[in-house]
Amino acid sequence: MENIFQQLFTNFDLSYIFAINALTYFIIKLIDSYNESTSISTFYKRLILIGVCCIMFPVYYCIWNKELIILVNSTIAAPVVWSWIIRPIFKHLNLGYAESNTIKTQK
């Protein structure tokens, strides 16, 4: 078990994964709050994720001098961590944004 945690911390940057997921969530939530008539489609949510990754990757590489392979691994792991860990917790706490292909009710 100790070896698994050691491999996890040496091959992934958990703060980078958290930063990608947090920034993507807040951008989608911000767009969702201004777009009250319909929700954002899954395609656009993925485009936002790719945009955030394209911005965060060079920032982490230049400022914190992270190894490229760690950043590549973490970039690939970020949507997986969101789908399997963070999103179910957010859904349980009703913190998620509106699902795609649904129409929001008028206030």
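The values are calculated or read from the model by the stated rules, or taken from the named source; none is laboratory data. It should be emphasised that the depicted structure is a prediction, and the values quoted were computed from it without experimental measurement. Cβ: placed from backbone, ideal geometry, glycine included. Neighbour counts: every protein chain shown. For accessibility, only protein heavy atoms count, side chains too; no ligands or nucleic acids. Shrake-Rupley method; radii C 1.70, N 1.55, O 1.52, S 1.80 Å.
What is the dipole size for the chain, taken about its Cα centre, with +1 at each Lys and Arg Cβ and -1 at each Asp and Glu Cβ, in debye to the nearest 20? Walk me through the numbers before you get to the answer.
Values: 8 positive and 6 negative charges, 73 e Å.
Its charge dipole is roughly 360 debye.
Using a Gaussian network for the chain with springs between C-alpha atoms less than 10 Å apart, which of these wobbles most: Thr24, Thr42, Thr75?
Between Thr24, Thr42, Thr75, it is Thr42 that shows the largest mean-square fluctuation.
Sort 81-87, 17-23 by the packing proxy (mean of other Cβ within 10 Å over each peptide's residues), most packed first. Intermediate values should be presented prior to the final figure.
On the way: 81-87: 14.4, 17-23: 18.1.
Ranked by mean Cβ neighbours within 10 Å, highest first: 17-23, 81-87.
Roughly how tilted is helix 14-34, in degrees to the nearest 10 and between 0 and 90, from the longest Cα axis of the chain?
Roughly 10 degrees between the two axes.
Going by alpha carbons, how many degrees (0 to 90, nearest 10) lie between the helix axis of 2-11 and the longest principal axis of the chain?
Approximately 80 degrees, to the nearest ten.
According to the square roots a ≥ b ≥ c of the eigenvalues of the Cα gyration tensor, what is the shape class of the chain, taking rounded for a/c under 1.5, prolate for a/b larger than b/c otherwise, and oblate for the remainder? Walk me through the intermediate numbers first.
Numbers: a/c = 3.09, a/b = 1.81, b/c = 1.70.
Prolate is the answer for the chain, as a/c is 1.5 or above and a/b outweighs b/c.
Provide the per residue accessible area, probe 1.4 Å, for the chain, rounded to a whole number of square angstrom.
Values: 7740 Å² over 107 residues.
Result: 72 Å² of accessible area for each residue.
Sorted by mean Cβ packing within 10 Å, highest first, what order do the peptides 44-55, 63-74 take? Before the final figure, lay out each step's value.
Working: 44-55: 15.3, 63-74: 13.3.
Top to bottom by mean Cβ count within 10 Å: 44-55, 63-74.
Considering only protein heavy atoms and a probe of 1.4 Å, how much of the accessible area of the chain is carbon and sulfur, as a whole percent? Please list the in-between numbers first.
Values: 5230 of 7740 Å².
The C+S portion of the solvent-accessible surface of the chain is 68 percent.
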